[in-house]
1. Among residues belonging to the range 15-29 that are touching a strand residue (DSSP E or B) at 6+ places or on another chain (Cβ under 7 Å) and in a loop (DSSP other than H, G, I, E, B), point out the one that is farthest from Glu60 (Cα to Cα).
2. I'd like the residue in the range 72-98 that is assigned to a helix (DSSP H, G or I) and modelled with pLDDT under 85 and, out of all such residues, is nearest to Glu12 (Cα to Cα).
3. Which pairs turn up if I take residues in the range 140-165 that are under 14 Å from Phe105 (Cβ atoms) and in the same structural domain as Glu111 (by TED's automatic domain parsing) and look for partners that are outside any helix (DSSP H, G or I) and acidic (Asp, Glu) with beta carbon separation below 9 Å, at least 6 apart in sequence or on another chain?
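The values are calculated or read from the model by the stated rules, or taken from the named source; none is laboratory data. All values derive from a computational prediction rather than experimental measurement. FYI the Cβ positions are ideal-geometry reconstructions off the backbone, even for glycines, and counts take in every protein chain you see.
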Amino acid sequence: MGDLNFDPIVGEEVRVLGRPGLYKVVRVYIKSSKIWRTKGDVGPPSPPLRLVFVDLKSEESGAVLLGVPSISENLRFDETHRVRCVLEWLKQDESFRYPTGIVDFHVDSEERFDGEPQFVVRFLVDPAVQPTRERVWEWNEFTSRVRERILSSLDLDRWVQVMLQQEQEAAHATL
C-alpha cells in the first residue's frame, strides 16, 4: 500500500478564489523539478520537488483553466476532500477490499441531530445482493474498520459516521 496522498482526484469539485461557481478536476499531472541548491548550501542537495498541477473545467460556463498548481492558495477543496483521499488510499490495501455487494462510496458533510458537524461516509450496496446474516456481519465489520482507519489517519474536528445505503436509494437522493 502506498503513502496517504492528498492530491486532487479527477472528477472532484473545487472552487477557485476570485472566480464564481464550481470547477471539476479533469486532469491531474505531476512535474518534478530538478534537484536544487541555494548559494552557500552545505551537505547533500535537496531532493527533486514534486509539483502537482490540475486542469479545471467550469461546471457553469465550460471554461477551462490549465496548469493550476494544486498547492495554490487560490484552489479551495471541499471539506470532505481529506476523508475521500483516505478512502481512495484504503482501496489499495487488500485488507480493506470491498466486501461482496459494496460497489462505491460517497462522502458528505452534514449536521448531526444535535447540530454538531459530522462527515458521513455512505458505502453503496448493490440492491441485487441479498443481505444474508453473514454478509451483514461482514459489512458491519468493514464499516467499523473503515471508521477506525479514518479517525486514526486524520486529525478531524468533527464526528465521522460510516453507513451502508442501497445504491438505488442514493441515486434517488441526488435527484
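1. Keep residues of the range 15-29 that are touching a strand residue (DSSP E or B) at 6+ places or on another chain (Cβ under 7 Å), which gives 15-17, 21-29.
Pick out the ones that are also in a loop (DSSP other than H, G, I, E, B) and you get 17, 21.
Numbers: Leu17: 16, Gly21: 7 Å.
Among residues in the range 15-29 that are touching a strand residue (DSSP E or B) at 6+ places or on another chain (Cβ under 7 Å) and in a loop (DSSP other than H, G, I, E, B), the one farthest from Glu60 (Cα to Cα) is Leu17.
2. Step one: of the range 72-98, the residues assigned to a helix (DSSP H, G or I) are 81-90, 94-96.
Of the ones still in play, those that are also modelled with pLDDT under 85 are 94-96.
Numbers: Glu94: 25, Ser95: 26, Phe96: 23 Å.
The qualifying residue nearest to Glu12 (Cα to Cα) is Phe96.
3. That search, which allows pairs on different chains as well, returns Arg149/Asp93; Gln161/Glu110.
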